[in-house]
1. Which residue out of 249, 227 is farther than 23 Å from residue 144 by Cβ and touching a residue at least 40 places away in the same chain (Cβ under 8 Å)?
2. Being small (Gly, Ala, Ser), over 30 Å from residue 34 (Cβ atoms) and either out of contact with any His (no Cβ under 8 Å at 6 or more places or on another chain) or buried (at least 22 other Cβ atoms within 10 Å of the Cβ) (or both): is that true of residue 157 here?
3. Looking at this structure, is residue 74 surrounded by fewer than 21 Cβ atoms within 10 Å (Cβ to Cβ), touching a Cys at 6+ places or on another chain (Cβ under 7 Å) and not in a loop (DSSP other than H, G, I, E, B)?
4. If the Cβ limit is 6 Å and pairs must be 6+ apart or interchain, which residue in segment 147-170 that is free of Cβ contacts under 8 Å to residues at least 40 places away in the same chain and over 16 Å from residue 133 (Cβ atoms) pairs with which residue that is in a helix (DSSP H, G or I) and more than 16 Å from ligand 1 (Cβ to nearest atom)?
5. Those residues that are farther than 19 Å from residue 89 by Cβ and crowded, with 17+ Cβ neighbours inside 10 Å, I need them from segment 11-34; list them, please.
6. When you look at residue 130, is it crowded, with 20+ Cβ neighbours inside 10 Å, hydroxyl-bearing (Ser, Thr, Tyr), part of a helix (DSSP H, G or I) and within 16 Å of ligand 1 (Cβ to nearest atom), yes or no?
7. Looking at segment 187-205, which of its residues are crowded, with 21+ Cβ neighbours inside 10 Å and either among the aliphatic types (A, V, I, L, M) or within 16 Å of ligand 2 (Cβ to nearest atom) (or both)?
8. From the list 100, 169, pick out the single residue that is of a type in the set (Phe, Trp, Tyr) and either away from ligand 2 (no atom under 16 Å from the Cβ) or surrounded by fewer than 18 Cβ atoms within 10 Å (Cβ to Cβ) (or both).
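Just so it is clear, none of the values below were taken in a lab; they were calculated from the coordinates. Computed from a predicted structure; not experimentally measured. No Cβ is skipped: glycine too gets one built from the backbone with ideal geometry, and neighbour counts run over all protein chains shown.
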Amino acid sequence: MRGDWHLHTCFSADSDAKVEDMLDAAVRLGMKEVCITDHYDMYFPDESFVFDPDEYFRVLSDYKEAYKDRLQVRIGVELGLDCEHTDEINAFAAEWPFEYVIGSVHKLFDKDPYERADYDCDDDTFYREYFKRCADCIRVCSNFDVFGHLDYVVRYGYTKAADYSYERYRTEIDDILKALIERNIPLEVNTAGMKSVGFAHPHPDILKRYIALGGRRYNMGSDAHVPEHVGYGFEEAEKTLNKLVFLEPIR
Ligand SMILES: [Zn+2]
Ligand SMILES: [Zn+2]
């Protein structure tokens with residue numbers, strides 16, 4: 001199975017997974033390489049979504065060495081993008097020797113979309129504003145290698161994907177795709193969405209549009225927070241991607 005480039009461990013506030021359990025799961029699936037990408041969200045409503053970078057690199061470097069004959073372990077991060085603190089976010093990504101940085105938007109109006117009840121708006125506004133925020137962040141943040149889970153906000157809507165389509169949010173989503181293509185930033189195909197909304201993020205119609213606009217590059221990750229989800233849905237996502245013949249994996 002191809003490598004998983006989006007894995008969380010107990011360095012993330014929302015995971016209790018031991019690093020070795022995540023790596024052992026990847027070995028069992030026959031993966032040759034993986035990337036640990038724990039959360040680092042500055043200025044987040046929940047301040048626990050950061051880790052101590054010294055400790056992170058020290059511990060993960062030991063695992064990298066210990067597994068080197070079975071699995072290539074990369075040390076990455078899932079970095080929260082934020083239009084208001086770009087200098088600090090960009091500096092953090094540049095300061096530490098991450099092998100791979102997923103840039104993800106985890107914050108909307110200074111709140112976490114995961115906490116849907118904190119927003120006093122309908123799902124249409126919730127989704128639309130999130131997409132606008134993504135395009136804004138992509139244009140001002142640098143130092144990330146791939147753009148994470150483009151339409152994950154749909155997981156948290158009251159209606160989830162029932163009324164969601166690329167067409168409905170065409171203007172906002174095209175703006176995101178154009179920003180990525182202009183800056184040559186690949187899209188992430190994030191299979192976690194298959195568990196909650198039945199498709200990997202972003203929706204296949206968005207991948208088709210990405211290709212039509214000239215986008216080609218992507219990478220895949222499960223966004224696993226527990227060992228059982230390492231490589232989740234990769235085979236099915238692969239089938240979808242194989243139909244999109246112009247996409248080129250970056251790994
Ligand atoms: Zn994320
Ligand atoms: Zn993640």
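1. Only one candidate qualifies: 227.
2. So residue 157 passes the test.
3. Judged against the criteria, residue 74 is a match.
4. Going by the 6 Å Cβ cut-off, the qualifying pairs are 159/123.
5. Our first condition is that a residue be farther than 19 Å from residue 89 by Cβ; within segment 11-34, this holds for 14-34.
Hits for segment 11-34 are 15, 17, 19, 22, 23, 25, 26, 31, 34.
6. The answer is yes for residue 130.
7. Residues satisfying the conditions are 187, 188, 189, 190, 191, 192, 193, 200, 201, 202.
8. Of the residues listed, the single one that is of a type in the set (Phe, Trp, Tyr) and either away from ligand 2 (no atom under 16 Å from the Cβ) or surrounded by fewer than 18 Cβ atoms within 10 Å (Cβ to Cβ) (or both) is 169.
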